[in-house]
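Just below is one structure, and these are the notes that go with it.
Every number here is computed from the coordinates shown, using simple stated rules; none is lab data. These figures come from a predicted structure and were not determined experimentally. Cβ placement follows ideal geometry from the backbone for every residue including glycine, while neighbour counts extend to all protein chains displayed.
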Amino acid sequence: AQSVTQPDIHITVSEGASLELRCNYSYGATPYLFWYVQSPGQGLQLLLKYFSGDTLVQGIKGFEAEFKRSQSSFNLRKPSVHWSDAAEYFCAVALSGTYKYIFGTGTRLKVLA
Amino acid sequence: ETGVTQSPTHLIKTRGQQVTLRCSSQSGHNTVSWYQQALGQGPQFIFQYYREEENGRGNFPPRFSGLQFPNYSSELNVNALELDDSALYLCASSSPEQVTQYFGPGTRLTVL
């Protein structure tokens, strides 16, 4: 069955430090991959997506992600974290056909001043 | 361009009651998907509507039902509410040519 794993439930980084959030997926075909961010009590905002082509994709707010087929991974990175980046981050896979999304359980990011 | 909107923002119901949640899709989008997000979890796919027909369903019982209207807005109905139905319900819209879904702010349902 298709699944998405985000191994880190919580991550704490200092403001200005670099960030990497991990995402691994299990899916038979080439997936459509997404990263969303959710602030407390809010909906989901799209950060970036990968469909095909260049495996390094750029998103909003200075985020980027790299698709590695051999590792079934789609890790999210940011070179310098800002206090406003504190939120929960979700990785998702879209299945072909209905484009139903399967989400990971999320990684909660805390940023220290 | 108007984004996805949902109503109400919050509501509280009692076990056994019925509830209707509403969603207006983003302009130009004719596909609506509903997700349930329990506390501390990722969203779980409930179902999707395209051109007023159900177009895929997740692992939810039949007491979760939906509608889509000609203007592409949508309703999620839940009958015989259970305590475990307490969650944030998210609506997302997309167009059939796009995989990308755009989410609304959600409706927080509390079942007592």
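Overview of values
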quantity	calculated
Length added when fully stretched, B:Thr14-B:Asp84, from 0.36 nm per residue minus Cα-Cα	24.0 nm
Calculated FRET efficiency for the pair A:Ser39/B:Glu54, C-beta based, R₀ 25 Å, to 0.05	0.20
Among B:Ser73, A:Gly53, B:Phe103 - extreme Cα towards positive end, dipole of the protein assembly as shown, charges at beta-carbon	B:Phe103
Cβ charges +1 (Lys, Arg) and -1 (Asp, Glu), total dipole of chain B, debye	280 debye
Estimated vicinal HN-Hα couplings, Hz - segment B:99-110 in sequence order (Karplus 6.51, -1.76, 1.60; Gly, Pro = x)	7, 5, 10, 10, 9, x, x, x, 10, 8, 9, 10
Rounded to the nearest 20 debye, dipole of chain A from Cβ charges on Lys, Arg, Asp, Glu	180 debye
Radius of gyration, Dmax [the protein assembly as shown; alpha carbons; angstrom]	17.4, 51
Under 5 Å, built H, 5+ apart or other chain: amide partners of B:Gly66	B:Asn77
Size of charge dipole - the protein assembly as shown - debye, nearest 20, with Cβ of Lys, Arg +1 and Asp, Glu -1, no other charges	240 debye
For chain A: rounded, prolate or oblate by the Cα gyration tensor [a/c cutoff 1.5]	prolate
Lysine pairs within the protein assembly as shown, Cα separation less than 26 Å, 8 or more sequence positions apart or different chains	11
Average Cα contact separation per residue, segment B:36-112, under 8 Å, 6 or more apart, as relative contact order %	25 percent
